[in-house]
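One structure below.
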2 protein chains.
Amino acid sequence: MRQSKLFTKTSHSVPKDEESKNAQLLIRAGYIQKELAGVYSILPLGFRVLKKIEGIIRKEMESLDGQEILMPALQPKTNWEQTNRWETYDTLFRFESFYTKSEYALGPTHEEIVTPLLKRFIASYKDLPRAVFQIQTKFRDEKRAKAGLLRGREFIMKDLYSFHANEDDLAAYYEKVRSSYERIYAAVGIGNRTYFTFASGGTFSKYSHEFQTLTEAGEDTIFICETCKIAINEEIVKEQPECPQCNTTKLKEEKAIEVGNIFQLKTRFSECFDLQYTDEKGAKKLVVMGCYGIGLTRLLAAVVEALGDEQGLVWPRSISPFQIHIVGLQGGDEKAQEVYDKLQSQGLDVLYDDRRGESSGAKLKDADLLGIPLRLVISERTLKENAAEWKTRGQKESALVPLDKIIEKVIEMQG
Amino acid sequence: MRQSKLFTKTSHSVPKDEESKNAQLLIRAGYIQKELAGVYSILPLGFRVLKKIEGIIRKEMESLDGQEILMPALQPKTNWEQTNRWETYDTLFRFESFYTKSEYALGPTHEEIVTPLLKRFIASYKDLPRAVFQIQTKFRDEKRAKAGLLRGREFIMKDLYSFHANEDDLAAYYEKVRSSYERIYAAVGIGNRTYFTFASGGTFSKYSHEFQTLTEAGEDTIFICETCKIAINEEIVKEQPECPQCNTTKLKEEKAIEVGNIFQLKTRFSECFDLQYTDEKGAKKLVVMGCYGIGLTRLLAAVVEALGDEQGLVWPRSISPFQIHIVGLQGGDEKAQEVYDKLQSQGLDVLYDDRRGESSGAKLKDADLLGIPLRLVISERTLKENAAEWKTRGQKESALVPLDKIIEKVIEMQG
């Protein structure tokens, strides 16, 4: 894409109540725009990142036999009363129709919808196990929303729900989801700093689990067991200040961001909606459930918090809006255009800074801010060497690569 | 996909207040589930159709240089006051935060967001034209919602907004959008019964335009000029009972469903938000806007209304959830499985009815209800001829095709 056609521009100014690194960098780079506290528009560059994250997550959900659906944001009050959460779910947006006076919840989660939905289709043990997921917009009436995309009043989430005949089957599936989640974090570039974290399980299970990514300005505190490579959250460490796997009390305190959670709901919701099945012997039993969430906008923000630097965003190739950023500087435009056309014709994802009237300094600063992994600068100076300057975002050194080798080298790098 | 793994099932019962053909067929076939009046879950088969419609629309929007974004459902009251629509927009859901007491609109449309958004980035004539679009969930507080996916309280819409330096540029773009829309309706299989329809233009334009699809139970009445192959809506025909192109008064009354609209907003919203640009001579001018909508869930419902028959859904290949439905009947299961594996390995989209314990009659009825374009039945009877029964949905005749020719013939048909 030609940068001169992109409708967004970089900017130096950020709304003054935006304190978080993710909001500051994403707004300055034109990836998002703030509409309200905790409510953002996702602009073209941000949208491309989001779609790549979506693709990575969808692939894993399908490998877990998840069937994709879309449940509504508008949810009936009666369902929330049936689970006893209408009054108690503290971030629930509640409102009514002006005409019908029906009362709605604006869905922050979907147990109240998915449980009766599956009840329509599950009758026998032959209908189990089942897993459904959606990638959908959720809403929370947050008291304070100051963490950019990390804690929005409106946000995009993947939620997977699984349905089993018994707890063993749930437990086995839960482990598979854990592995899928680990592959997702690795794929978006934060695998090495993301910890499987023990959290409180609520009424039905001893533990639930979160995935926590280490960052300097993390909103959570976790305690890492470096032997087991797992962590414990603050709540759990107060009750039990030792590793649940090796029992060491040598735990390292770190700041982190939650990037996902998995939860054995067991019969918490199947009881409320009387979701039963008939087993092999003809006996009625409650279906056993699990739920598994990843906020896509939150994950995007976590990657920015973890990898962004002083100069701006830093994207792993897997989720970068473009793979290659060609920057044409004075005297290099014609050749830059030629290289752009060649890379485009190879089907590569290229952003080409063809803007006239911007200084070289401004263009290079913008490239750092946008954070595309490979930058190719073509200018009068590089053309004297019949070359382009090749620089990887996040690394200091750059190299001159002969123009007649560029295409080949880029294709090689793209694997 | 194996039908035994699909979590949905067909059903004979439909909620009794569902009068529309689209809701009845889609619910019976397990494509959607009703959650509330005007609020549906989209289930796996419905989701696949929706994604295909989305792909067709996205491709056209990109060909119009539309840049894809996602704007929020939660919208600030102040923006709606600025356009004078907070009090007057009759289907606007309005509510407030329990904690902050901020008042929100739940977006039924996005002029109130997109206009100030583009204002941040448009300064000069060099920044024009621009076009942005989204495929996103919208909300309307409908007094009555009894038309299934045709008139939902929550629905999925593609909205495109364009920004121009002058009315001529808008008019030229508007014509391009018209052509794109016509290609979209043709691609989803209703091109031959969809009419470009003159509608009232509001304050700024003489006309806006709708696209109307002829169906027996259409909610709108339109008047067709068979010479010009265009239509006029009821409102316009009252003011002016003649074809706006050839002036004939010979108009044919028909029932139809609106499947899209395009509108020259001109400066209606740029005035409210003071969206100006500086022209070549340094003068400040208002940006001229257009908006263009297609409801995806509505379009899906319109295809059902137009093409569905007594037996159930009828999908054009372009948007069918699967291309081929293999039905294994008694004695044919093993061979059916073999054909399924072969077609799958060719990368084809196949649903395989591998269910045991369903009667042949029930399986064939289900196949008709699901509406997949090509049905291959393999049974003891067809195997006597070493063949499968090949039947196109919507056609009465079927033929036996030798099993050793099946793969070749299917691939040939898929083009």
Inset, instruction - Say whether the condition of being free of Cβ contacts under 8 Å to residues at least 60 places away in the same chain, facing another protein chain (nearest Cβ under 10 Å) and part of a loop (DSSP other than H, G, I, E, B) is met by at least one residue in region A:14-21. - result: no
Legend entry - Every residue from region A:124-160 that is facing chain B (nearest Cβ under 9 Å), under 18 Å from A:GLN67 (Cα atoms) and more than 19 Å from the chain's Cα centre (by Cα): A:LYS126, A:ASP127, A:ARG130, A:ALA131
Inset, instruction - Any chance you could count how many residues in region A:77-88 are within 26 Å of B:ILE156 (Cβ to Cβ) and either within 12 Å of chain B (Cβ to nearest Cβ) or among the aliphatic types (A, V, I, L, M) (or both)? - result: 3
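Of the residues B:ILE406, B:ILE372, which is β-branched (Val, Ile, Thr), in contact (Cβ under 8 Å) with a residue 40 or more places away in the chain and over 18 Å from B:GLY332 (Cα atoms)?
Residue meeting the stated conditions: B:ILE372.
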Legend entry - Residues located in region B:104-118, provided they are at the interface with chain A (Cβ under 8 Å from one of its Cβ atoms) and closer than 18 Å to A:ILE32 by Cα: B:ILE113, B:LEU117, B:LEU118
Inset, instruction - Scan region A:373-408 for residues that are surrounded by 14 or more Cβ atoms within 10 Å (Cβ to Cβ), basic (Lys, Arg) and closer than 29 Å to A:VAL303 by Cα and jot them down. - result: A:ARG375, A:LYS391, A:ARG393
Inset, instruction - Please specify each residue of region A:94-110 satisfying the condition of being surrounded by fewer than 23 Cβ atoms within 10 Å (Cβ to Cβ) and touching a residue at least 40 places away in the same chain (Cβ under 8 Å). - result: A:THR109
Inset, instruction - State which residue pairs qualify: first residue closer than 16 Å to A:THR382 by Cβ and inside region A:321-332, second residue basic (Lys, Arg) in any location, beta carbons under 6 Å apart, and separation of 6 or more residues or different chains. - result: A:HIS325/A:ARG375; A:VAL327/A:LYS363
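Just wondering, is there one or more residues in region A:35-58 that are aliphatic (A, V, I, L, M), closer than 30 Å to B:ILE27 by Cα, assigned to a helix (DSSP H, G or I) and at pLDDT 95 or above?
So the first thing to find is which residues in region A:35-58 are aliphatic (A, V, I, L, M), and the list is A:36-37, A:39, A:42-43, A:45, A:49-50, A:53, A:56-57.
When the remaining residues are screened for being closer than 30 Å to B:ILE27 by Cα, the result is A:57.
Now narrow it down to the ones that are assigned to a helix (DSSP H, G or I): A:57.
If we keep only those that are at pLDDT 95 or above as well, we get A:57.
Yes; the residues of region A:35-58 include at least one that is aliphatic (A, V, I, L, M), closer than 30 Å to B:ILE27 by Cα, assigned to a helix (DSSP H, G or I) and at pLDDT 95 or above.
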Inset, instruction - Being within 27 Å of the chain's Cα centre (by Cα) and under 23 Å from B:GLU408 (Cβ atoms) is the filter; apply it to region B:338-366 and report the residue that is surrounded by the fewest Cβ atoms within 10 Å (Cβ to Cβ). - result: B:GLY347
Legend entry - Tally of residues being surrounded by fewer than 23 Cβ atoms within 10 Å (Cβ to Cβ) and under 13 Å from the mean Cα position of the chain (by Cα) across region B:297-324: 2
Legend entry - Any hit, region A:26-33, residues being in contact with a His (Cβ under 8 Å, 6 or more places away or on another chain) and more than 8 Å from chain B (Cβ to nearest Cβ): yes
Legend entry - Matching residues, region B:42-76, being of a type in the set (Asp, Glu) and either in contact (Cβ under 8 Å) with a residue 60 or more places away in the chain or facing chain A (nearest Cβ under 7 Å) (or both): B:GLU54, B:GLU60, B:ASP65, B:GLU68
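Got a sec? Which of B:PHE95, B:PHE7 is within 30 Å of A:LYS101 (Cα to Cα) and within 7 Å of chain A (Cβ to nearest Cβ)?
Answer to the check: B:PHE95.
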Inset, instruction - Return the total of residues in region B:89-134 being basic (Lys, Arg) and in a strand (DSSP E or B). - result: 2
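The values are calculated or read from the model by the stated rules, or taken from the named source; none is laboratory data. Note that this is a predicted model, so its numbers are computed, not measured. All Cβ positions, even for glycine, are placed from backbone atoms using ideal geometry, and neighbour counts span all protein chains on display.
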